[in-house]
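**Student:** The following block contains the structure, expressed as structure tokens.
The values are calculated or read from the model by the stated rules, or taken from the named source; none is laboratory data. For clarity, every value in this text was computed on a predicted model and none was experimentally measured. Virtual Cβ from ideal backbone geometry, glycine too; neighbours counted across all protein chains shown. Areas reflect the complete protein model, heavy atoms only, side chains present, ligands, DNA and RNA absent. Shrake-Rupley method; radii C 1.70, N 1.55, O 1.52, S 1.80 Å.
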Amino acid sequence: MFRKELLELLLRGPRSVADIAAQLELEPRDVEDDLRHLLKSVRPNGYRITITPARCRHCGFRFKADKLHKPGKCPLCRETWISPPLIHIESPEAR
């Protein structure tokens, strides 16, 4: 049931792991494992997954898209002003 709720949230629009955790009243670390499993399981069913990678707001460095949690520091400028990665799922009917 939890992954179904997770899918419905992500179909509504882009969300960060922290946003999802807050809406479901869970810890972000508890959401991330289920989110990774959901992303693997919906792709073969025709859903389109878009992950906007985390980005340093100070220097513009973009992190890899496979990181779903917000990094602590930028590896280039060492700043902590990081925008979190956003995950969005688009249903096959929406295209």
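**Student:** Taking the Cα centre of each part, how many Å lie between the stretch 13-33 and the stretch 71-94?
**Tutor:** The stretch 13-33 and the stretch 71-94 have Cα centres separated by 13 Å.
**Student:** Just to be sure I understand the model, the point goes 7 Å from the Cα along the line to the Cβ. What's the resulting residue 67 to residue 29 distance in nm?
**Tutor:** Taking the simple label geometry, residue 67 and residue 29 are separated by 1.8 nm.
**Student:** Rank by packing, highest mean first: peptides 75-82, 50-57, with packing defined as the count of other Cβ atoms within 10 Å averaged across residues.
**Tutor:** Sorting 75-82, 50-57 by mean packing, highest first, produces 50-57, 75-82.
**Student:** Hey, any idea what % of the stretch 32-95's accessible area is carbon plus sulfur with a 1.4 Å probe?
**Tutor:** 49 percent
**Student:** Continuing with this model, one more query. Please sort 27-35, 13-21 by packing, taking for each peptide the average over its residues of neighbouring beta carbons within 10 angstrom, highest first.
**Tutor:** 13-21, 27-35
**Student:** Can you show me the helix-derived [θ] at 222 nm for the chain, built from DSSP H runs with n ≥ 4 at -39,500 (n - 2.57) apiece and divided by the number of residues, rounded to the nearest 500.
**Tutor:** -11000 deg cm²/dmol
**Student:** Can you list the HN-Hα couplings for the stretch 24-36, worked out from phi with the Karplus curve (6.51, -1.76, 1.60; θ = phi - 60°), rounded to whole Hz and with x for Gly and Pro?
**Tutor:** 8, 6, 10, 7, x, 5, 6, 7, 4, 5, 5, 5, 4
**Student:** Mind pulling the per residue volume of the convex hull built on the Cα atoms of the chain? Å³ is fine.
**Tutor:** 98 Å³
**Student:** Pairs on different chains or at least eight residues apart, Cα atoms closer than 23 Å: how many lysine pairs in the chain fit?
**Tutor:** Value for the chain: 6.
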